[in-house]
Amino acid sequence: MATINEADKKILGELETTAERLVKARAAISSVIFGQDEVIELALTAILGGGHALLVGAPGLAKTRLAITLGTVLGLNERRVQFTPDLMPADILGAEVLEESADGQRMFRFIKGPIFCQLLMADEINRASPRTQSALLQAMQEHHITVAGQRYDLPQPFHVLATQNPIEQEGTYPLPEAQLDRFLLEIDVPYPDLESERRMLFVTTGDHDTEAPTLLTTDELQAAQHLVRLIPVGESVADAILKLVRSARPGPEADAYVNENISWGPGPRASQSLMLGVRARALLDGRLAPSVDDVIALAHPVLRHRMAITFAARADGKTLDGVIDHLIGSIG
């Protein structure tokens with residue numbers, strides 16, 4: 001019979017304590033964001049996995065409020081940037097200014113932009129030009145920026161929650177695949193159900209606005225993110241991740257359905273995102289290991305922005321979510 005050593009006991013204790021804190025954090029966010037339990041779970045999953053999330057939904061669905069509430073509850077320094085066509089990279093990163101001292105000496109001083117925070121809310125990210133969008137690429141991947149040849153490290157942890165409005169596309173610049181791939185999850189934000197909207201109606205139009213408390217510190221969040229990477233993953237779960245991602249790639253080894261309906265598929269970063277995501281989801285649920293059900297639950301938000309269907313598939317009335325459902329059937 002296997003015995004548990006002291007190191008394993010310590011990790012188990014940390015898992016239980018962290019899971020309890022996360023339950024309280026999720027409840028606190030739900031007390032402010034009504035009817036979006038799955039969205040809250042996915043957003044927390046992305047942050048616990050150490051990644052970024054792209055929130056896609058119609059206006060007025062509390063996407064911005066979700067980011068602000070997440071920052072408050074998780075103890076993160078949060079800033080918001082409204083992306084517009086005239087936004088320049090320096091408006092996000094910061095810029096060097098020429099200053100003259102009292103003795104007449106001139107020197108450049110770097111003034112930090114709003115990206116120097118722990119949680120950046122990039123509102124309507126697709127409204128900015130590709131040049132401005134690309135200013136986030138290095139920061140999202142490497143957690144530092146380079147201005148005038150000088151490296152500037154960002155605060156840790158660093159996360160981007162970006163939003164997109166799927167309805168209004170006039171005057172927008174669709175995010176390139178390279179930037180989309182930087183997001184751990186793409187989260188669809190639906191309309192709330194009747195009872196949630198009824199509750200929202202009275203709470204948000206009353207005399208007092210509901211605010212969530214701060215329940216975690218930055219150190220506690222980083223400890224939870226480290227703990228996520230220590231959660232063991234069984235071979236069956238790893239095999240399901242690899243099978244799902246690799247089955248979504250067209251090519252000589254793919255079946256006829258994939259080659260007919262998928263124009264390009266997900267890269268290895270999709271597998272990495274699923275691996276981190278299933279571990280984070282298990283921790284959120286207070287489980288000691290993820291299951292294949294976690295892979296199925298995260299398949300859509302992980303794959304949706306990392307693949308595309310063919311023109312012929314769209315002409316036949318097929319959707320990307322429908323194709324992903326077909327792929328899920330091979331592992332479910």
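The values are calculated or read from the model by the stated rules, or taken from the named source; none is laboratory data. No experiment lies behind these values; they were computed from the predicted model shown. Cβ coordinates were reconstructed from backbone atoms using ideal geometry, including for glycine residues, and neighbour counts include every protein chain displayed. SASA here: full protein model, heavy atoms, side chains in, ligands and nucleic acids out. Shrake-Rupley method; radii C 1.70, N 1.55, O 1.52, S 1.80 Å.
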Report summary line: Per the Kirkwood formula over distinct C-alpha pairs, the hydrodynamic radius of segment 197-332 in angstrom is 17.3
Query raised in the report: Stretched out fully, how many nm does the piece from Glu38 to Glu99 gain, at 0.36 nm a residue minus the Cα gap?
Result: 17.0 nm
Report summary line: Residue separation between Ser134 and Leu230 times 0.36 nm, minus their alpha-carbon distance, gives in nm 31.3 nm
Query raised in the report: What's the Kirkwood radius of segment 154-215 in Å, using all Cα pairs?
Result: 15.9
Report task. Answer rounded, prolate or oblate for segment 114-256, using the Cα gyration tensor with square roots of eigenvalues a ≥ b ≥ c: rounded when a/c is under 1.5, else prolate when a/b is larger than b/c, else oblate. Result -> rounded
Query - Among Tyr152, Gln164, Ala178 the positive-end extreme of the charge dipole of segment 152-201 (Cβ point charges) - result: Tyr152
Report summary line: Met88 and Gln222 label points (each 7 Å along its Cα→Cβ direction) are spaced in nm at 3.4
Query - Asp325 paired with Leu242, simple spin-label distance in nm, labels 7 Å along Cα-to-beta-carbon - result: 2.9
Report task. Compute the Rg to Rh ratio over segment 39-181 from the alpha carbon atoms, using the Kirkwood formula for Rh, and round to two decimal places. Result -> 1.02
**Report entry** Within segment 199-231, backbone nitrogen closer than 20 Å to the virtual label 7 Å beyond the Cα of Asn5 toward Cβ
**Finding:** 227-231
Query raised in the report: When the C-alpha atoms of segment 190-260 are aligned to their principal axes, what extent does each axis show, in angstrom, from largest down?
Result: 63, 37, 18
Query raised in the report: Helices from the chain with mean Kyte-Doolittle at least 0.0 and a Cα length along the axis of 20 Å or more, per DSSP H: which?
Result: 268-284
**Report entry** Fully extended contour minus Cα-Cα distance, from Ser31 to Glu177, at 0.36 nm per residue
**Finding:** 49.1 nm
Report task. Summarise the long-distance tail of P(r) for segment 1-100 by giving the % of C-alpha pairs beyond 22 Å. Result -> 50
Requested in this report: Assuming R0 = 45 Å, can you tell me the calculated FRET efficiency for the pair Glu142 and Asp316, based on Cβ-Cβ distance, to the nearest 0.05?
Outcome: 0.65
**Report entry** Rg in Å to one decimal, and Dmax rounded to a whole Å, for the chain via C-alpha atoms
**Finding:** 21.5, 78
Report task. Normalising by the residue count of the chain, find the relative contact order in percent from Cα pairs under 8 Å and 6+ residues apart. Result -> 22
Requested in this report: Quick one: check the C-alpha center-to-center distance for segment 98-169 versus segment 66-86, whole angstrom.
Outcome: 14
Report task. Keeping the other protein chains in place, figure out the carbon and sulfur percent of the accessible area of segment 134-267, with a 1.4 Å probe. Result -> 52
Requested in this report: Over the chain, give the accessible area per residue in Å² for a 1.4 Å probe, as an integer.
Outcome: 49
**Report entry** Over segment 261-332, relative contact order from alpha-carbon pairs under 8 Å, at least 6 apart, %
**Finding:** 41
Query raised in the report: What is the spin-label model distance, in nm, from Phe108 to Ser196 if the labels are put 7 Å beyond Cα along the C-beta direction?
Result: 4.8
Query raised in the report: Tally Lys/Arg at +1 and Asp/Glu at -1 over every other residue whose Cβ is under 10 Å from the Cβ of Ile331; what's the total?
Result: 0
